[in-house]
Amino acid sequence: MIITLRIGHRKERDKRISTHIGLMSRAFLADKIIYSGENDESLISSVNKVSKSWGGGFSAEYSKNHIKTINEYKSKGFKIFHLTMYGLPINDKLKEIKKEKNILVIVGGEKVPREIYELSDYNISITNQPHSEVGALAIFLDRINDGKELSEEIKGLKKRIKPTSKGKEYYK
Ligand SMILES: C[S@@+](CC[C@H](N)C(=O)[O-])C[C@H]1O[C@@H](n2cnc3c(N)ncnc32)[C@H](O)[C@@H]1O
């Protein structure tokens, strides 16, 4: 099981990027996203709305206390991965990451508290340059999935696009 934890969400400034983190997680075969920071019901409902209309088992929820959430998943046997430009290069740790069945991957916001670095089993970088939570998460999920999100469909889809060279088609 793969869960994304997005910490430090700000209602006004991060609405769009936090939505993209959720949709990205779903498209790249994660099972759930947990948001913490400011409680934003419209964010949770918009991600859940997409999941409901397109199908599959993905869901979004809010956590008031991300430290408690991390410890909860740790005690359930999840390994905790925190994405940060300061961490160890993904290629150096990929073999170890791929052995894990249950993964909680943390993506930060503007400033990530020191505690997150300490609580995480691995601090992982996707290059050592600053870029984006969506970009970092995409590469992380793609690498641990061996790229299978590009060829395998999410299970239980209700709506399926029929790929075409031009135009927009759906399977009936
Ligand atoms: C606006 S960035 C802040 C950059 C932050 N100073 C850092 O430690 O990576 C927000 C989030 O994007 C992710 N991120 C950005 N660049 C990254 C990189 N090169 N490797 C891994 N994650 C990155 C991290 O999860 C970070 O908390």
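Bear in mind these aren't lab numbers, they're just calculated from the coordinates by the rules spelled out. Note that the structure is a prediction, hence the values are computed from the model and not measured. When we count neighbours, we look across all protein chains shown, and the Cβ atoms used for this are built from the backbone with ideal geometry, even at glycine.
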>> Please count how many residues of the stretch 1-40 are touching a His at 6+ places or on another chain (Cβ under 9 Å), within 22 Å of Lys74 (Cβ to Cβ) and more than 11 Å from the ligand (Cβ to nearest atom).
In response: 4
>> Suppose the filter is away from the ligand (no atom under 14 Å from the Cβ) and touching a residue at least 60 places away in the same chain (Cβ under 8 Å); does Ser53 pass it?
In response: yes
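So in the stretch 110-140, with the set limited to residues that are small (Gly, Ala, Ser) and assigned to a helix (DSSP H, G or I), which one is nearest to the ligand (Cβ to nearest atom)?
Here is the first cut: in the stretch 110-140, the ones small (Gly, Ala, Ser) are 120, 125, 132, 135-136, 138.
Pick out the ones that are also assigned to a helix (DSSP H, G or I) and you get 135-136, 138.
Values: Gly135: 7, Ala136: 3, Ala138: 11 Å.
Across the stretch 110-140, the extreme among qualifying residues is Ala136.
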> Pairs under 9 Å by beta carbon, first residue closer than 12 Å to Ser36 by Cα in the stretch 1-22, partner buried (at least 22 other Cβ atoms within 10 Å of the Cβ) and of a type in the set (Phe, Trp, Tyr), six or more apart or different chains?
Replying inline: Leu5/Tyr35; Arg6/Tyr35; Ile7/Tyr35; His9/Tyr35; Ser18/Tyr35
> Restricting attention to the stretch 129-152, which residues are on the phi < 0 side of the Ramachandran plot and surrounded by fewer than 12 Cβ atoms within 10 Å (Cβ to Cβ)?
Replying inline: Gln129, Pro130, His131, Lys148, Leu150, Ser151, Glu152
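From the list Ile154, Ile106, which one is among the β-branched types (Val, Ile, Thr), in a strand (DSSP E or B), in contact (Cβ under 8 Å) with a residue 40 or more places away in the chain and touching a Lys or Arg at 6+ places or on another chain (Cβ under 9 Å)? Steps first, answer last, please.
Working: Ile154 fails: in a strand (DSSP E or B).
Answer to the selection: Ile106.
Could you check, for the stretch 73-82, whether at least one of its residues is within 16 Å of the ligand (Cβ to nearest atom), in contact (Cβ under 8 Å) with a residue 40 or more places away in the chain and aliphatic (A, V, I, L, M)?
Quick first cut of the stretch 73-82, residues within 16 Å of the ligand (Cβ to nearest atom) only: 80-82.
Those left that are additionally in contact (Cβ under 8 Å) with a residue 40 or more places away in the chain: 80-82.
Next, from what is left, pick out any that are aliphatic (A, V, I, L, M): 80.
Yes, because at least one residue in the stretch 73-82 is within 16 Å of the ligand (Cβ to nearest atom), in contact (Cβ under 8 Å) with a residue 40 or more places away in the chain and aliphatic (A, V, I, L, M).
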>> Can you find, within the stretch 93-115, the residue that is nearest to Ala30 (Cα to Cα) among those that are out of contact with any helix residue (DSSP H, G or I) (no Cβ under 8 Å at 6 or more places or on another chain) and buried (at least 16 other Cβ atoms within 10 Å of the Cβ)?
In response: Glu100
> Among (1) over 22 Å from Leu23 (Cα atoms); (2) among the β-branched types (Val, Ile, Thr); (3) within 9 Å of the ligand (Cβ to nearest atom), where does Ile106 come up short?
Replying inline: (1)
